[in-house]
């Protein structure tokens, strides 16, 4: 797929859990929600907590270190003045693809 980078198999991300992938030297947290797959920066801006290890509920992920909650669609924190970058992830034929075209990852660095 032009403009996308393969990041793994859909079956490798259990429902309501996250997994970490590295694309263009950037760690991305990928989540499987009832609405589909979501992706955002792996590190919580508060203390660098691993968001892929957080608890997923109510369309949010909670940082395992200090409890900041991030909306998986927008990246906005629900209980803090913070935000993480979100990325488009697509499932096609059981494979997950992260949008990398148009400089998304370069702009995020």
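Here, each number is a calculation from the coordinates, and none is a lab measurement. For clarity, every value in this text was computed on a predicted model and none was experimentally measured. All Cβ positions, even for glycine, are placed from backbone atoms using ideal geometry, and neighbour counts span all protein chains on display.
Just a few scattered comments:
- Footprinting exposure proxy for 46, 66 (fewest neighbouring C-beta atoms within 10 Å first): 66, 46
- From its DSSP helices (H runs of at least four residues, each -39,500 (n - 2.57)), the chain gives a residue-normalised ellipticity at 222 nm of -1000 deg cm²/dmol.
- Zone of residue 80's modelled label, taken as backbone nitrogen in the stretch 35-65 under 17 Å from a point 7 Å along Cα→Cβ: 40-57, 60-65
- Shape call, the chain: gyration tensor on alpha carbons, a/c limit 1.5: oblate
- Paramagnetic label zone (point 7 Å from Cα along Cα-to-C-beta, residue 1; backbone N under 18 Å) in the stretch 58-75: 73
- Order of 40, 65 - criterion: other Cβ atoms within 10 Å of each residue's Cβ, fewest first: 65, 40
- Length-normalised contact order for the chain - Cα pairs under 8 Å, 6+ apart - percent: 27 percent
- Highest-fluctuation residue, 72, 98, 16 considered, GNM on the chain with Cα pairs under 10 Å: 16
- Residue exposure sequence - 73, 41 - by fewest surrounding Cβ within 10 Å: 73, 41
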